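Below you'll find the structure, written out as structure tokens, and then a few comments.
What follows draws every value from the coordinates through simple rules; no lab data is involved. Keep in mind it's a predicted model, so treat the numbers as computed, not measured. Here Cβ is always computed from backbone atoms with ideal geometry, including for glycine, and neighbour counts include all displayed protein chains.
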Protein chains: 2
Amino acid sequence: MTSRIACPTLAARVTTAEQAATHIRPGMTVGMSGFTGAGYPKQVPQALAARIGAAHERGERFGIRMLTGASTAPELDGVLARTGGIDFRLPYQSDPELRERINRGQIDYMDIHLGHVAQYARSGFFGRIDVAVVEVTAILPDGRLVPSTSVGNNATWLELADTVILEVNAEQPAGLEGMHDIHSCAAPPHRAPLPLVEPGQRIGEATLRVDPARVVAVVETRGPDRLSAFAPPDETSQRIAGHLVEFFRHEVARGRLPTNLLPLQSGVGNIANAVLDGLREGGFEQMTAYTEVIQDAMLGLVRDGLITIASATALSLSPDGVADFVKHIDAYRHRIVLRPQEISNHAELIRRLGCIALNGMVEADIYGNVNSTHVAGTRIINGIGGSGDFARNGHLACFLTPSTAKGGAISAIVPMVSHVDHTEHDVSVVVTEQGLADLRGLSPRQRAHAIIEHCAHPDFRPMLQDYVDRAWVHSKALHTPHLLPEALSWHQRFLDTGSMRA
Amino acid sequence: MTSRIACPTLAARVTTAEQAATHIRPGMTVGMSGFTGAGYPKQVPQALAARIGAAHERGERFGIRMLTGASTAPELDGVLARTGGIDFRLPYQSDPELRERINRGQIDYMDIHLGHVAQYARSGFFGRIDVAVVEVTAILPDGRLVPSTSVGNNATWLELADTVILEVNAEQPAGLEGMHDIHSCAAPPHRAPLPLVEPGQRIGEATLRVDPARVVAVVETRGPDRLSAFAPPDETSQRIAGHLVEFFRHEVARGRLPTNLLPLQSGVGNIANAVLDGLREGGFEQMTAYTEVIQDAMLGLVRDGLITIASATALSLSPDGVADFVKHIDAYRHRIVLRPQEISNHAELIRRLGCIALNGMVEADIYGNVNSTHVAGTRIINGIGGSGDFARNGHLACFLTPSTAKGGAISAIVPMVSHVDHTEHDVSVVVTEQGLADLRGLSPRQRAHAIIEHCAHPDFRPMLQDYVDRAWVHSKALHTPHLLPEALSWHQRFLDTGSMRA
């Protein structure tokens, strides 16, 4: 028994990843831990992939339905996608191997709001959950589980699955103990108000619980979350951050935001990370965060005291970020709370706290509809993540992107988005390095003026203005003028020529 | 002093509608009462229209910005739209005169979730509210106001407006007193949990409050809400209801819904009314409703005890419905609660209660995106209403429509919707008279199969299948296969020929 497994009952279940993986059989639905590359199981998925590969070599069909918290890593999504053993997957993903197979039509992928997964699983909308595979940091003497670097949907998988496999990862910082706050929600009609009124408030307990009778295997692992370094902030992201800082200052001056703003949510990835870092220039103090994921920039704002408390469901840090986190973990423990994604992304709490949602996007159209997920309407990138949880129910929904992509071949502002993830009703502010369009209280035609003038790249502005001018003359109705035969032509031109330029 | 104005201070402000309207000056932002044709001011808007018309005849510009609860009536939206005196309007509307001017590009209209209006107004997103014009049923001796047949955003207008004009409508049933429950929300970061856990629970007080010092005019009126009779249920709506009943029974049998279902939300209009009436056939007892509007069918379900309690923000009844309501008002008072629309459509409460959302739509596409508002992507009909509040945060989001319109010329199932109000992430179930597609847990291509097979009209099924077959071969990526040059061609054909048929 190692020091990380202090419960005799569960220590007696220690076995190999290979043996554990035999509990996963063809056609099963498996709930896995893992959220934005943090806290995913490191060994059982690889053993499962070997098992699937061997079955396929024998000519036997072996596919599973796989539910996670969000994106994982090559050791999970990557290795399983390569075997052809994933029939169905939800929610958010970002692994290149998995994405490629989804876009080849080989894997059925359901893109769903991260805050909705647990409630729908609990209500049986995804069928029975056969097996849970969950990474934890340690097992306490009484069998309670210290969560890992992400909580995600783990409480739900542990509650619902017939069979549970635990991975105890000795590489995850032992000091994580005490940082989590696990509150489980009921199914309707038995729901009570969630008592949380401050981002840092604790409303649950620090550990996960599992019925030991359902734990069929415990696997000891040692390995880091595989997260790469973030790109350093560049001029584009600094300019986006600069526009946001100016906007927030303006809102504070008008009395529409408190001087410490409102709890920040920030999406995943390099742009979000860099823009968050740019908020340092705003002079805002005593900020808070109520978000899904803590990346390096947010950790830095916490370290430097600009953010006093950060609530999330995952720590997605670069190797340098992990080193800093481990070094100062006793200080961070009082400033970081990790919760189930059902709570971090809960409609009730996002609305109550009045979060400021900062999310990247693929493109926005002139009327303020936002595409967060698809290239040219057909190719999924990563998924909607929690952006919809925060955009619909938060206080301000800000969407950020460089105004062009692929070396200027693609405009992030288009006549009509090729896929809608956030409708015109849910987008408050659009920001590019060109500027910021404040869409609050504007009609569609007023929004078009603001977005073209403030957000579009100058190279594409004349094309957009030309579209608008002609649509405002020739459209059959003028509430939301469009020329339907042309509305998606920019995307088709990109598919045909590699560029949206005429 | 009439018996309806029992407060001496406010009785002293009684004046004519013409005099009251002089407090509304060019450029002002006016918050008006009125929600789905109920509880709107009957005389001041007409006097204002005359004032605007006279100014225009003198060659003076006179336009106002107008915010309401939702749709009103010819005496408000209609008469003001005709004068050309509305510069800006939000949210939901349904008056033909107003709609026509919006679609001519003469009025800026912002279509916004009904549950978002009050919080954004309170936070100053729409600028200062200069004047409130609110219909009430009576004024109590201490100046508290008995609300009318709708509550809408009235508490917010009364709280925010510099100047208040009250219409006291003696035609509204005096027995409304005691049916309302007014709870006002704070702006973030000062929000506490809303204590409501049952649809019928009271969390506020029965009257509206206003600072008498800001009341500049009180106008006595007498006139009914102008609502017409609902169309009787036809075979199409009965078949839609039948598919829903079968689905709900199936969900109850699987243990995914309680035997009395979950609190029902039902959209406005004839289809929603008829479908709700069709739920009588389901054999469900002790149902509840947590919704925006009570139309005749819901009143009937309450009267007959099938719905034990109905919470809404408006009573939108036909003349026969009003007669029934008035006759049995003492019984209804214990089974109906009227709340501010900020509460009836609140994300926190819709999520907690787990509402079943039943809303009509214009069209759905093969991947489950829904258009609730636009013809051919450009012409606004009424607006999104509360459908987004309930679809995003409720437990089941069901969208209903006949499979064809305009005598079969238009298919309600199309390759790509021409405007998105509810994304693929927010649509659980699509129902037409042809059948029901349960989209929960499905990938886009699986959804396309289900929608074409179960919901499309047989006349359009081969065209849809042909699109899908070719898209699944020729699309550049196969997560959400599309042929962009064709995706909106059905709508363009309708614009060109009056029919989507090839």
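Please compute the Cα-Cα pair-distance distribution of the stretch B:270-328 with 10 Å bins starting at 0, giving whole percents from short to long.
Binned Cα distances yield the sequence 23, 60, 16.
Pairing the Cα long axis of helix A:44-57 with the longest principal axis of chain A, what angle in degrees results, from 0 to 90 and rounded to the nearest 10?
90 degrees
With everything on Cα atoms, drop me the angle between helix A:444-454 and the longest principal axis of chain A, reported from 0 to 90° to the nearest 10.
For helix A:444-454, the angle is close to 90 degrees.
For peptide A:345-355, what's the mean number of Cβ atoms from other chains within 10 Å of each residue's Cβ?
Partner-chain Cβ atoms within 10 Å, mean over residues of A:345-355: 6.
So for chain A, Kirkwood radius off the Cα pairs, Stokes-Einstein at 4 °C and 1.567 mPa s: how many µm² s⁻¹?
55 µm²/s
Angle check, please: helix A:461-474 long axis (alpha carbons) against the longest principal axis of chain A (alpha carbons), in degrees 0 to 90, nearest 10.
70 degrees
Among B:Met361, A:Met500, which comes first, second and so on when ranked by fewest other beta-carbon atoms within 10 Å?
B:Met361, A:Met500
Tell me, what are the semi-axes, in whole angstrom and largest first, of the equivalent ellipsoid of the stretch B:13-61 as set by the roots of 5 times the Cα gyration tensor eigenvalues?
Output for the stretch B:13-61: semi-axes of 21, 13, 10 Å.
Treating the point 7 Å from Cα along Cα-beta-carbon as the label, what are the nm separations from B:Ala6 to the other copies, to one decimal?
Between copies, matching label points for B:Ala6 lie 6.6 nm apart.
I need B:Ser316, A:Ser148, B:Ser499, B:Ser411 ordered by Cβ neighbour count within 10 Å, fewest first.
Listed from fewest to most nearby Cβ atoms, that is B:Ser499, B:Ser411, B:Ser316, A:Ser148.
Once the label point is placed 7 Å from Cα along Cβ, list for A:Asp320 the distances to the corresponding points in the other copies, in nm, shortest first.
7.4
Can you list which of the GluC sites (Glu not before Pro) found in the stretch A:25-76 are DSSP loop residues with at most 14 other C-beta atoms within 10 Å?
A:Glu60
With both partners inside the protein assembly as shown, how many of the DSSP beta bridges are antiparallel, as a percent to the nearest 5?
Counting only bridges with both partners in the protein assembly as shown, antiparallel ones make up about 25 percent.
Between the DSSP loop rule and a limit of at most 14 other Cβ atoms within 10 Å, which trypsin sites (Lys or Arg not before Pro) in the stretch A:234-332 are left?
Loop-located and lightly packed - A:Arg254.
With an 8 Å Cα cut-off and a minimum separation of 6 or more residues, compute the relative contact order for the stretch A:195-348 in percent.
It comes to 23 percent, rounded to a whole number.
Can you compute the charge dipole magnitude of the stretch B:391-502 about its Cα centre, using +1 on each Lys and Arg Cβ and -1 on each Asp and Glu Cβ, nothing else charged? Give it in debye, rounded to the nearest 20.
With Lys and Arg at +1 and Asp and Glu at -1, about 120 debye.
Dividing the alpha-carbon Rg of the stretch A:61-140 by 2.2 N^0.38 Å yields what?
Here the answer is 1.12, to two decimals.
Do any trypsin sites (Lys or Arg not before Pro) in the stretch A:54-135 lie in a loop, going by DSSP, with at most 13 other beta-carbon atoms within 10 Å of their beta carbon, and if so which?
A:Arg58, A:Arg61, A:Arg104, A:Arg128
Give me the number: length gained by fully extending B:Ile381 to B:Arg128, i.e. 0.36 nm times residue separation minus the C-alpha to C-alpha distance, one decimal in nm.
Here the answer is 88.3 nm.
With a cut-off of 8 Å between alpha carbons and a minimum separation of six or more residues, what is the relative contact order of chain A in percent?
Relative contact order comes out at 14 percent.
Using the alpha carbons of the stretch B:235-497, what is the convex hull volume per residue in cubic angstrom, as a whole number?
Taking only Cα atoms, the stretch B:235-497 has a hull volume of 129 Å³ per residue.
Sum up the charges of everything whose Cβ sits under 13 Å from the Cβ of A:His479, counting Lys and Arg as +1 and Asp and Glu as -1, but leave A:His479 out.
+4
Once the piece of chain linking A:Asp142 and A:Arg58 is laid out straight, how much longer is it, given 0.36 nm per residue of separation minus the C-alpha distance between them?
26.0 nm
Rounded, prolate or oblate: which fits the stretch B:366-438 when a ≥ b ≥ c are the square roots of the eigenvalues of the alpha-carbon gyration tensor, with rounded for a/c under 1.5 and prolate only if a/b beats b/c?
In terms of gyration-tensor shape, oblate.
Please give the residues of the stretch A:235-250, grouped as numeric ranges, whose backbone N is less than 16 Å from a label point set 7 Å along the Cα-to-Cβ vector of A:Arg280.
So the set is A:235-242, A:245.
Apply the a/c threshold of 1.5 to the C-alpha gyration tensor of the stretch A:174-280 and tell me whether it is rounded, prolate or oblate.
It is oblate, given that a/c is not under 1.5 and a/b is not larger than b/c.
Over all alpha-carbon pairs of the stretch A:8-221, lay out the pair-distance distribution in 10 Å bins, whole %, shortest bin first.
Cα pair-distance distribution for the stretch A:8-221, in percent: 9, 36, 37, 16, 3, 0.
Given charges of +1 on the Cβ of Lys and Arg and -1 on the Cβ of Asp and Glu, with all other atoms neutral, how large is the dipole of the protein assembly as shown about its Cα centre, in debye to the nearest 20?
Dipole magnitude for the protein assembly as shown comes out near 120 debye.
Mind listing P(r) for the protein assembly as shown? All alpha-carbon pairs, 20 Å bins, whole percents.
Histogramming the protein assembly as shown at 20 Å steps yields 14, 45, 34, 7, 0 percent.
Treating the point 7 Å from Cα along Cα-beta-carbon as the label, what are the nm separations from B:Pro141 to the other copies, to one decimal?
Computed spacing set for this position: 6.9 nm.
Considering only the other residues whose Cβ falls under 10 Å of the Cβ of A:Pro224, what net charge follows from Lys and Arg at +1 and Asp and Glu at -1?
The answer is +1.
Decide, for the stretch A:3-134, between rounded, prolate and oblate: order the square roots of the alpha carbon gyration tensor eigenvalues as a ≥ b ≥ c, take rounded if a/c falls under 1.5, and otherwise choose prolate if a/b is larger than b/c, else oblate.
Taking the square roots of the gyration eigenvalues as a ≥ b ≥ c, the stretch A:3-134 is oblate.
For the residues A:Met416, A:Met179, what sequence is obtained by ranking on other C-beta atoms within 10 Å, fewest first?
The order, fewest Cβ neighbours first, is A:Met179, A:Met416.
Multiply the residue separation of B:Gln238 and B:Gln446 by 0.36 nm, subtract the distance between their alpha-carbon atoms, and state the gained length in nm to one decimal.
Using 0.36 nm per residue and subtracting the Cα-Cα distance, I get 72.2 nm.
Please average, across the residues of B:388-396, the number of beta carbons from any other chain that are within 10 Å of each residue's own beta carbon, and give a whole number.
So the per-residue partner count for this stretch is 4.
Which lysines have a Cα lying under 19 Å from the Cα of A:Lys476, excluding residues fewer than 8 positions away in the same chain?
Cα-Cα hits under 19 Å: B:Lys406.
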